[in-house]
Amino acid sequence: MQKLIFTNDVTPALAALISELNPDRIALLCDSNTRFIAAELAPAGADIIEILPGDEHKDLEQLSRVWQHLSQSGFTRRSLMVNVGGGMVTDLGGFAAATFKRGIRFINVPTTLLGAVDAAVGGKTGINFLDLKNEIGAFQEAVAVIISTRFFASLPPEELRSGFAEMIKHGLISSAETYRRLIDFDICRANLAELLPLLEESVNVKREIVAQDPREQGLRKALNLGHTAGHAFESLALERNHPVPHGVAVAHGLLVEMILSHMQAGFPSAELYRYAGLLKEAYADVPAISCQDYPDLLRLMAHDKKNTIPGQINFTLLRAPGAPLIDQTATPEAIQTALDLYRDLLNQ
């Protein structure tokens, strides 16, 4: 099973893992924002591979640069990659490692809250393709993930909020108590010492689900809550050259899918209003949509890789906090109604 190490003493933790794995070559993958961290963590003789930052660069061009470095530098199947960065770095780096020479080992060191709670754990790797989020990828777990809050102190508030949206999602599929504890937590004024136990609890929600369903055949689909609509928001923003953080898009996707849950499964309306209030206060940075955007959003939802039956759009919905429903569908008409209500709740 994948090792999860929660520590603020990252350098010795990484050194111990490297000693245990005994690789013949080591590369630390970073972007320009995390190069100083990679340089601090790099053992003697390790390569540092730097790629361009931002989800718009999670593409074939940057992936090819990583493959090229590994190939030209003589890396083998006994080599090791250490991905140091946010979700973009761990997604792309994990996919590069999973596919180079049919797979080399890798460790993730997430440096953002979103990366720690979502992308770095669970074995999903990949890149964007043709403006579609994570269109190309593979399931491959890191041998270990080192999670530390020491990197979060310098994160801007929007980065913290982006990661916290995934924690809220984990709370929604876990239990009403966990969800309400999270929704009452002010992430923008968070003390990192207070955040760590909530983060560990959240990561373990995902870890337990992934352990039972590593390749998303059943239970793991619960983790897709908020992502069918959220990925559509994110992909539309990417198409229009106004990218929004993944977690912020998911935060808005959660409201759309809570509304669908209310319409189709009786999710409590009081929770809709409560969550919409949080969204208006803390997640207002997704551009407002109009009914003219509905065809594009429906097109993007229809193209989502979670859909398994042609012509049907797949969702994870909720009866209530802590009671997820996987493999749910909704008609285009129902989705448009949900988008109407979403705009009403946010006063768009």
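The values are calculated or read from the model by the stated rules, or taken from the named source; none is laboratory data. Since we're looking at a predicted model, the values are computed, not measured. Here Cβ is always computed from backbone atoms with ideal geometry, including for glycine, and neighbour counts include all displayed protein chains. Note: accessible area is taken over every heavy atom of the protein model, side chains too, but ligands, DNA and RNA are not part of it. Shrake-Rupley method; radii C 1.70, N 1.55, O 1.52, S 1.80 Å.
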Taking every other residue with Cβ under 14 Å from the Cβ of GLN68 and scoring Lys and Arg +1, Asp and Glu -1, one gets -1
Candidates ALA302, ALA153, ALA120; GNM for the chain (alpha-carbon contacts under 10 Å) flags as most fluctuating ALA153
Taking 0.36 nm per residue of separation between ASN347 and ASP285 and subtracting their Cα-Cα distance, the length gained on full extension comes to 20.9 nm
Region 120-146 and region 307-348 have their Cα centres apart by a whole-number Å value of 24
Taking Cα atoms only, helix 246-265 is inclined relative to the longest principal axis of the chain by an angle, in degrees rounded to 10, of 40
If one builds a Gaussian network model of the chain from Cα atoms under 10 Å apart, the most fluctuating residue listed among PRO43, PRO245, PRO310 is PRO310
With all protein chains present, region 118-239 has a carbon and sulfur share of its accessible area (1.4 Å probe) in percent of 49
Counting sequence-distant residues (5 or more places) and residues on other chains, those with an amide H built under 5 Å from that of GLY226 are THR316
Note, ARG77: beta-carbon cut-off 10 Å, +1 each Lys/Arg, -1 each Asp/Glu, net +3
Relative contact order of the chain (C-alpha contacts under 8 Å, at least 6 apart) in percent is 14
Taking Rh as the Kirkwood radius computed over alpha-carbon pairs of the chain and applying Stokes-Einstein at 20 °C with viscosity 1.002 mPa s, one gets a diffusion coefficient in µm² s⁻¹ of 105
Plugging the Cβ-Cβ distance of ASP9 and ASN191 into 1/(1 + (r/R0)^6) at R0 = 25 Å yields, to the nearest 0.05, a FRET efficiency of 0.80
By the Cα gyration tensor axes a ≥ b ≥ c (a/c under 1.5 gives rounded; else a/b larger than b/c gives prolate, otherwise oblate), the shape of region 1-129 is rounded
Taking a ≥ b ≥ c as the square roots of the eigenvalues of the Cα gyration tensor, with a/c under 1.5 meaning rounded and otherwise prolate when a/b exceeds b/c and oblate if not, region 150-237 is oblate
Per its Cα gyration tensor (rounded if a/c is under 1.5, else prolate when a/b beats b/c, else oblate), region 191-348 is best filed as rounded
Among ASP55, ASP184, ASP91, the residue with the largest mean-square fluctuation in a Gaussian network model of the chain built from Cα contacts under 10 Å is ASP184
The helix 192-212 Cα axis meets the longest alpha-carbon principal axis of the chain at an angle in degrees, between 0 and 90 and rounded to 10, of 90
Expected sort for 197-203, 169-175 on mean C-beta neighbours within 10 Å, highest first, is 169-175, 197-203
Nearest 10, in degrees from 0 to 90: the angle of helix 332-345 to the longest Cα principal axis of the chain is 90
Under the helix-only model (-39500 (n - 2.57) for each DSSP H run of 4 or more, divided by the residues of the chain), the mean residue ellipticity at 222 nm, to 500 deg cm²/dmol, is -15000 deg cm²/dmol
The answer for trypsin sites (Lys or Arg not before Pro) in region 179-266 that fall in a DSSP coil and have at most 13 neighbouring Cβ atoms within 10 Å is ARG215, ARG240
In this structure, the FRET efficiency calculated for ALA176 and SER73 from their beta-carbon separation, with R0 = 51 Å, to the nearest 0.05, is 0.50
Out of PHE95, ALA249, PRO156 - ranked by how far each Cα lies towards the positive end of the dipole of the chain, with unit charges on the beta-carbon of charged residues - the top one is PHE95
Computed ³J(HN,Hα) along region 89-102: with the Karplus parameters 6.51/-1.76/1.60, θ = phi - 60°, integer Hz and x for glycine or proline, the list is 5, 6, 5, 5, x, x, 5, 4, 5, 5, 10, 6, 6, 6
Computed ³J(HN,Hα) along region 113-129: with the Karplus parameters 6.51/-1.76/1.60, θ = phi - 60°, integer Hz and x for glycine or proline, the list is 4, 4, x, 5, 8, 10, 5, 6, 10, x, x, 8, 10, x, 9, 7, 8
Note to self: C-alpha centroids of region 34-81 and region 211-261 sit apart, in Å, by 28
Charge tally for neighbours of PRO245 with beta carbon under 9 Å away, counting Lys, Arg as +1 and Asp, Glu as -1, is -4
Computed over region 1-159, protein heavy atoms only, probe 1.4 angstrom, the accessible area per residue in square angstrom equals 40
Given a 1.4 Å probe, the accessible area of region 160-247 per residue, as a whole number of Å², is 39
Non-local residues with an amide H under 5 Å from the amide H of ASP31, with H modelled 1.01 Å from N and Pro and chain starts lacking one, are ILE51
